[in-house]
Amino acid sequence: MTRTYTDPSVLAGIAAGASWADPEMDPTRIDWTARRAAAAIPFPLVDGRPVNPFAPTGIRYGRNELGHWGEQQCADAIVTVTGPLGGRWLLLVERADGHGWALPGGYVDPGEDPAAAAYRELAEETGLIVRRAHAHVTLPARCVPDPRASDEAWMVTTPVRIDLGGDHYTLPAVTGQDDARRARWLPANDYAELTRYLAEMHSGQVFPAHRDLLADILDH
């Protein structure tokens, strides 16, 4: 069965003139030349409509809960530190939208470097300000299975690894800000430890879009 769906929150965003919501309701009227040229991951058009390169999602037409048509580029900060007693700790935020615990991150602004976006979102969501001079590694962009996506609107993230080392008597102070309900350092020597701790101590789970990404990072 072909499903068509755009969440009412997207329509409300359009009505309010929100910058995150494309006002165009018909994607065939969009000039895709510039958007496809700027895409981090190439994607096809079918009958003038964008198609998620990792479809199907279960929603063939419409935007589901995402405001844009086609690819939305994001950046996520993977911030780790060695704790006072050893062991790796990872910084996550609890999303205010109820989709679980995620890496600090968000939209890359037009013309913005993904690493700069990751540092900016890190400060906005956790209050943790890290100097750009600190060593970081920008990983290749990847499409993520965001539960808010559709076959016509999807997320691509550029992960940015930032390791703060181990010269800390205590873990750096963080607090949930912006659209993050909470920010916490979580033990993450491997992905299983992270998910177990989240479930036992916070009755939470990892944001679906970040599960494969974190498993790849923490277990390799």
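We did not get these values from a lab; they are worked out from the coordinates using the rules stated. The shown structure was predicted, so the numbers you read here are calculated from the model rather than taken from an experiment. All Cβ positions, even for glycine, are placed from backbone atoms using ideal geometry, and neighbour counts span all protein chains on display.
Annotations
- For segment 162-201, applying the loop criterion from DSSP together with a ceiling of 16 other beta carbons within 10 Å to the chymotrypsin sites (Phe, Trp or Tyr not before Pro) yields TYR169.
- Over segment 70-218, Cα pairs under 8 Å with separation of 6+ residues give a relative contact order of 33 percent.
- Positive minus negative residues near ARG29 (Lys, Arg vs Asp, Glu; Cβ under 12 Å): -3
- Relative contact order for segment 4-64, counting Cα pairs under 8 Å that sit 6 or more residues apart, in percent: 44 percent
- Considering only ILE30, ALA15, PRO53, and ranking their Cα positions along the charge dipole of segment 4-64 that arises from unit charges at the beta-carbon of Lys, Arg, Asp and Glu, the one farthest toward the positive end is PRO53.
- Within the chain, percent of DSSP bridges classed antiparallel, to nearest 5: 60 percent
- Principal semi-axes in Å for segment 70-218 [√(5λ), Cα gyration tensor, largest first]: 23, 18, 14
- Among PHE43, PHE207, PHE54, a tally of other beta-carbon atoms within 10 Å of each Cβ gives an order, fewest to most, of PHE54, PHE43, PHE207.
- Only Lys, Arg (+1) and Asp, Glu (-1) charged, at Cβ; the chain dipole about Cα centre in debye: 140 debye
- Ranked list, fewest to most other Cβ atoms within 10 Å of each Cβ, for GLU200, GLU65: GLU200, GLU65
- Inter-centroid distance (Cα atoms) of segment 150-211 relative to segment 1-80, Å: 25 Å
- Stretch in the chain that is longest and holds no trypsin sites (Lys or Arg not before Pro) that DSSP places in a loop and that have at most 12 other beta carbons within 10 Å: 1-130
- With neighbour counts taken as other beta-carbon atoms within 10 Å, the residues SER150, SER203, SER9 rank, fewest first, as SER203, SER9, SER150.
- Check: segment 4-64 dipole with +1 on Lys, Arg Cβ and -1 on Asp, Glu Cβ, in debye: 140 debye
- Residues in segment 65-74 carry Karplus couplings, in order, of 9, 9, x, 8, 9, x, 7, 10, 8, 10 Hz; the curve used is 6.51 cos²θ - 1.76 cosθ + 1.60 with θ = phi - 60°, and Gly or Pro positions show x.
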